[in-house]
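**Student:** There's a structure below that I have some questions on.
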2 protein chains.
Amino acid sequence: MCLDPAVTDPDLYKVIFENDRVRILEYRDRPGDRTSPHEHPDSVMVTLTSFRRRISAGGRQAEVDLPAGQARWLDAQRHSGENTGGTDTHSIFIELKEPRPAGLPAPADALGPSGG
Amino acid sequence: MCLDPAVTDPDLYKVIFENDRVRILEYRDRPGDRTSPHEHPDSVMVTLTSFRRRISAGGRQAEVDLPAGQARWLDAQRHSGENTGGTDTHSIFIELKEPRPAGLPAPADALGPSGG
């Protein structure tokens, strides 16, 4: 099963750049849109619009409410999302293609963005 | 000599997030503003406003003219910049903190963003 969001939700996630070190995705949706379960590697998300969404994984949920122009770290994780706000979403994901350095284990329970 | 842009131009470059894998800078300037010579590691720049600027290094120059909402790869490089447009600049730099993987040498002559 492929959990690449560019494959699970090709109408919402578009690959706009890729080289040896990063892959860059553009995400756009409308109120009420939902994504299929998918996986992100360690990534940075930059918001180009404000949005409100619900992130779900394994029976857990996180509410995310962000203004435009923010940058947020996203630990590697599997989840699905839903635009629960009243506005379209437009954001950029910078995926890190290299594995985590040895001795830096990924959090097992990351859900949604964690800092920025 | 420290060529960290957060040190050379602290009024323009602000560190807004840092962890083991990335450091995130926010850049803001006004028309006519210039940066001191500084170094970027391999980075991704996301534009939050449109801007026009001139990037200079070692007697070479590159003109950069970008709309808002763009993501561009920036190979590691040393340069200075000048806002040559008529609008304020607001952009985000995601710096990759890990060294380039073995066998992936950095271009010696990178000047300005190269793709996205």
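The values are calculated or read from the model by the stated rules, or taken from the named source; none is laboratory data. This structure is a prediction, so every number in the text was calculated from the model and none was measured. Cβ sites come from the backbone with ideal geometry, for glycine too, and all protein chains shown count toward neighbours.
**Student:** Would you be able to tell me the number of residues in segment A:68-77 that are in contact with a strand residue (DSSP E or B) (Cβ under 7 Å, 6 or more places away or on another chain) and in a loop (DSSP other than H, G, I, E, B)?
**Tutor:** Adding up the residues that qualify gives 4.
**Student:** Within segment B:61-77, work out how many residues are over 17 Å from residue B:106 (Cβ atoms), within 14 Å of chain A (Cβ to nearest Cβ) and among the aliphatic types (A, V, I, L, M).
**Tutor:** Of the residues in segment B:61-77, 3 are over 17 Å from residue B:106 (Cβ atoms), within 14 Å of chain A (Cβ to nearest Cβ) and among the aliphatic types (A, V, I, L, M).
**Student:** State the number of residues belonging to segment B:23-33 that are under 18 Å from residue B:74 (Cβ atoms) and surrounded by fewer than 16 Cβ atoms within 10 Å (Cβ to Cβ). Don't jump to the end; show me each part of the working.
**Tutor:** In the first step, residues of segment B:23-33 are kept if they are under 18 Å from residue B:74 (Cβ atoms); the result is B:23-29.
Those left that are additionally surrounded by fewer than 16 Cβ atoms within 10 Å (Cβ to Cβ): B:28.
Final tally of qualifying residues: 1.
**Student:** Further question: Tell me, please, whether a residue that is surrounded by 15 or more Cβ atoms within 10 Å (Cβ to Cβ) and of a type in the set (Asp, Glu) can be found in segment A:10-17.
**Tutor:** Checked segment A:10-17: no residue is surrounded by 15 or more Cβ atoms within 10 Å (Cβ to Cβ) and of a type in the set (Asp, Glu).
**Student:** Return the residues of segment B:55-68 that are crowded, with 17+ Cβ neighbours inside 10 Å and either within 27 Å of residue A:14 (Cβ to Cβ) or in contact with an Asp or Glu (Cβ under 6 Å, 6 or more places away or on another chain) (or both); say none if nothing qualifies.
**Tutor:** B:64, B:66
**Student:** Go over the candidates B:102, B:106 one by one and state the one that is within 22 Å of residue B:3 (Cβ to Cβ), surrounded by fewer than 16 Cβ atoms within 10 Å (Cβ to Cβ) and either of a type in the set (S, T, N, Q) or at pLDDT below 95 (or both).
**Tutor:** So the residue among B:102, B:106 that is within 22 Å of residue B:3 (Cβ to Cβ), surrounded by fewer than 16 Cβ atoms within 10 Å (Cβ to Cβ) and either of a type in the set (S, T, N, Q) or at pLDDT below 95 (or both) is B:106.
**Student:** Among (1) in contact (Cβ under 8 Å) with a residue 24 or more places away in the chain; (2) of a type outside the set (Asp, Glu); (3) within 25 Å of residue A:96 (Cβ to Cβ), which single condition is residue B:6 missing?
**Tutor:** Unmet for residue B:6, out of (1) in contact (Cβ under 8 Å) with a residue 24 or more places away in the chain; (2) of a type outside the set (Asp, Glu); (3) within 25 Å of residue A:96 (Cβ to Cβ): (1).
**Student:** Could you tell me which numbered condition residue A:20 fails, if it satisfies all but one of (1) buried (at least 20 other Cβ atoms within 10 Å of the Cβ); (2) farther than 19 Å from residue A:3 by Cα; (3) of a type in the set (Asp, Glu)?
**Tutor:** With (1) buried (at least 20 other Cβ atoms within 10 Å of the Cβ); (2) farther than 19 Å from residue A:3 by Cα; (3) of a type in the set (Asp, Glu) applied to residue A:20, the lone miss is (1).
**Student:** Looking only at segment A:78-116, how many residues end up being away from every other protein chain (no Cβ under 11 Å), part of a loop (DSSP other than H, G, I, E, B) and either of a type in the set (Ser, Thr, Tyr) or touching a residue at least 60 places away in the same chain (Cβ under 8 Å) (or both)?
**Tutor:** 3
**Student:** Now, a different point. Can you confirm whether residue A:52 is surrounded by fewer than 20 Cβ atoms within 10 Å (Cβ to Cβ), without any contact (Cβ under 8 Å) to a residue 60 or more places away in the chain and among the charged types (D, E, K, R)?
**Tutor:** It is true that residue A:52 is surrounded by fewer than 20 Cβ atoms within 10 Å (Cβ to Cβ), without any contact (Cβ under 8 Å) to a residue 60 or more places away in the chain and among the charged types (D, E, K, R).
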